[in-house]
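Each remark here refers to the structure printed beneath this line.
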Amino acid sequence: MIWLTHPFGNANVRAVLEALKEKKSLDFFWTTIGLSTTGFTASNGLLREIKSLKRRVFSIEKSQIRSHPYREMVRHVSQKIGIPSLIEHEVGWASVDQVWRSLDRFVAKNLNKSKVSPSLVYHYEDGACETFRVAKSKGIRCLYDLPIGYWKKAEQVIEHERVSNPEFIGMMDGVRDSLEKKERKEEEISLADRIIACSPFVRESLVEWGIPAAKIFQVQFGSPTTSESKRPQSVDLKRKIRLLFVGRIDQRKGIGYLWRALKNNDWAKSYSLHMIGVLPQNQEPMRPYRDLFTHQGSCSKEEIFKQMREADLLVLPTLFEGQALVILEAMASGIPVLTTTASGASEVIREGIDGWIIPSHSEEALAEKLEMIISHREQLSEMGISAAHRAQSFRWKDYGKEIVAICNGMNQ
């Protein structure tokens, strides 16, 4: 039996839970706030309509969910009423890092005193160290899921930006990570018996830094199911091409390269850019480019899919990812994607059919491709149709089955 741990329950986690449930291999799911579909009654069914709770409902038995909610609840409240000290990066009592670490300690404590141990513990980056230590002492196998590139690769990317684009370094994720956090990441990887990588980019980032390839298993993410995809449209050559960006608005996503490409080239007048996501705390670097785009804060998936269907092209000039799910979301919505080799989408996007993949860290490559698209804008609608069909071939059910197969292999 398997213990699976994750504080939030993202799409990939849900796919694994479904597969483990189907194979009757799930012992417990350890999370922060977790509700079961079997736990709702007629009297509390209205909870389904509370947006924040709907994302915490899982289709497994109530008896299989073990919750550790306190820091996560405080984190949500702190965000809403504005208490930044409580959610300050790493050190805030209810920061994302402390939510991960607290859950890890909770699972480790229960594993240590459990009379019946699982055969395998399945954890994710930044939330595995304490549990893996206990698991190793008890002879339990450890499966580690790395949903983003290896941290040493991230350091390399940060240093490149520090030298090449100092004006944007204040908008760079990971710059503030402590040595202690990096050491925990390293210990997690060393204790893991197997590592799940969600893309070639993640796998290659590990191998590049000496992690044995035999220890790494690459499993492709699934694509979301949307209510509809964009309908084919006749091309209006007078209308601006609608670019859409979705994600954190920071330099890890390559935002500076996109802004400069649009600011420094006359052809950019043929584009409009709409950005959906959280603005950086340090907004000073973006001031010279603020007139280049319209902005919308965090919004529901339904609204994001609506915006995608109204766009012509998703642009994601990212510098460091695992596999950007927004790419599959855009493709499923019927629009092509322009992204980079660091997006984790090299086996998803077919060049010139569903979109384009360019080198990361290159304003020139981005500008060249955007200029080319203007001359071939009539192809965007047809490429969107191809993208929607392509997205259908990546299923979360297949992802879950592959993960369970890896788990079964570790238990033999």
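Could you tell me whether segment 98-119 includes any residue that is assigned to a helix (DSSP H, G or I), of a type in the set (A, V, I, L, M, F, W, C), within 30 Å of S362 (Cβ to Cβ) and in contact (Cβ under 8 Å) with a residue 24 or more places away in the chain? Checked against the condition, which is being assigned to a helix (DSSP H, G or I), of a type in the set (A, V, I, L, M, F, W, C), within 30 Å of S362 (Cβ to Cβ) and in contact (Cβ under 8 Å) with a residue 24 or more places away in the chain, segment 98-119 yields no hits at all. Whether any residue in segment 191-209 is in contact with a helix residue (DSSP H, G or I) (Cβ under 6 Å, 6 or more places away or on another chain), modelled with pLDDT under 95 and not polar (S, T, N, Q) is what I want to check. Within segment 191-209 (the criterion being in contact with a helix residue (DSSP H, G or I) (Cβ under 6 Å, 6 or more places away or on another chain), modelled with pLDDT under 95 and not polar (S, T, N, Q)), the answer is yes, since at least one residue qualifies. Residues that are within 21 Å of V202 (Cα to Cα) and of a type in the set (D, E) within segment 329-369 comprise E329, E347, E351, listed in sequence order. Would you confirm whether any residue within segment 156-164 is touching a Cys at 6+ places or on another chain (Cβ under 8 Å) and under 25 Å from R248 (Cβ atoms)? Looking through segment 156-164, none of the residues is touching a Cys at 6+ places or on another chain (Cβ under 8 Å) and under 25 Å from R248 (Cβ atoms). Scanning segment 109-125 for residues that are of a type outside the set (V, I, T) and either crowded, with 20+ Cβ neighbours inside 10 Å or touching a strand residue (DSSP E or B) at 6+ places or on another chain (Cβ under 8 Å) (or both) yields a total of 9. Scanning segment 207-219 for residues that are within 12 Å of S190 (Cβ to Cβ) and surrounded by 14 or more Cβ atoms within 10 Å (Cβ to Cβ) gives I211, K215. The number of residues in segment 66-104 that are within 22 Å of the chain's Cα centre (by Cα), farther than 28 Å from W3 by Cβ and of a type in the set (G, A, S) comes to 0. On the stretch given as segment 246-258, residues that are in a helix (DSSP H, G or I) and more than 19 Å from M331 (Cβ to Cβ) total 6. For segment 283-301, enumerate the residues that are of a type outside the set (D, E, K, R), exposed (fewer than 14 other Cβ atoms within 10 Å of the Cβ) and more than 21 Å from the chain's Cα centre (by Cα). Once the filter is applied, which keeps residues that are of a type outside the set (D, E, K, R), exposed (fewer than 14 other Cβ atoms within 10 Å of the Cβ) and more than 21 Å from the chain's Cα centre (by Cα), segment 283-301 yields Q283, P288, T294.
Is it true that V219 is over 24 Å from E130 (Cα atoms), among the aliphatic types (A, V, I, L, M) and modelled with pLDDT under 95? Considered against the rule, which asks whether it is over 24 Å from E130 (Cα atoms), among the aliphatic types (A, V, I, L, M) and modelled with pLDDT under 95, V219 comes out as no.
Close contacts from segment 174-201, counting a first residue that is within 21 Å of V219 (Cα to Cα) and a second that is in a helix (DSSP H, G or I) and among the hydroxyl-bearing types (S, T, Y), with Cβ to Cβ under 7 Å and a gap of 6+ residues or different chains, come to none at all.
Conditions (1) part of a helix (DSSP H, G or I); (2) surrounded by fewer than 19 Cβ atoms within 10 Å (Cβ to Cβ); (3) of a type in the set (F, W, Y), marked per residue:
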residue	(1), (2), (3)
L244	no, no, no
R260	yes, no, no
W267	yes, yes, yes
S272	no, yes, no
V278	no, yes, no
Q281	no, yes, no
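A search for C-beta distances below 8 Å between a residue of segment 377-406 that is within 26 Å of Y144 (Cα to Cα) and any residue that is basic (K, R) and outside any helix (DSSP H, G or I), counting only pairs 6+ apart in sequence or on different chains, returns V404/K23; I406/R194. Only a single criterion out of (1) in contact with a Lys or Arg (Cβ under 9 Å, 6 or more places away or on another chain); (2) modelled with pLDDT of 95 or more; (3) not in a helix (DSSP H, G or I) is not satisfied by Y122, namely (1). Considering segment 323-368, and only residues there that are touching a Leu at 6+ places or on another chain (Cβ under 7 Å), among the small types (G, A, S) and touching a residue at least 60 places away in the same chain (Cβ under 8 Å), the residue that is surrounded by the fewest Cβ atoms within 10 Å (Cβ to Cβ) turns out to be S360.
The values are calculated or read from the model by the stated rules, or taken from the named source; none is laboratory data. Only a predicted model underlies this, so the values are computations on that prediction, with no experimental measurement involved. Using ideal geometry, Cβ is built from the backbone for each residue, glycine included, and neighbour counts are taken over all protein chains shown.
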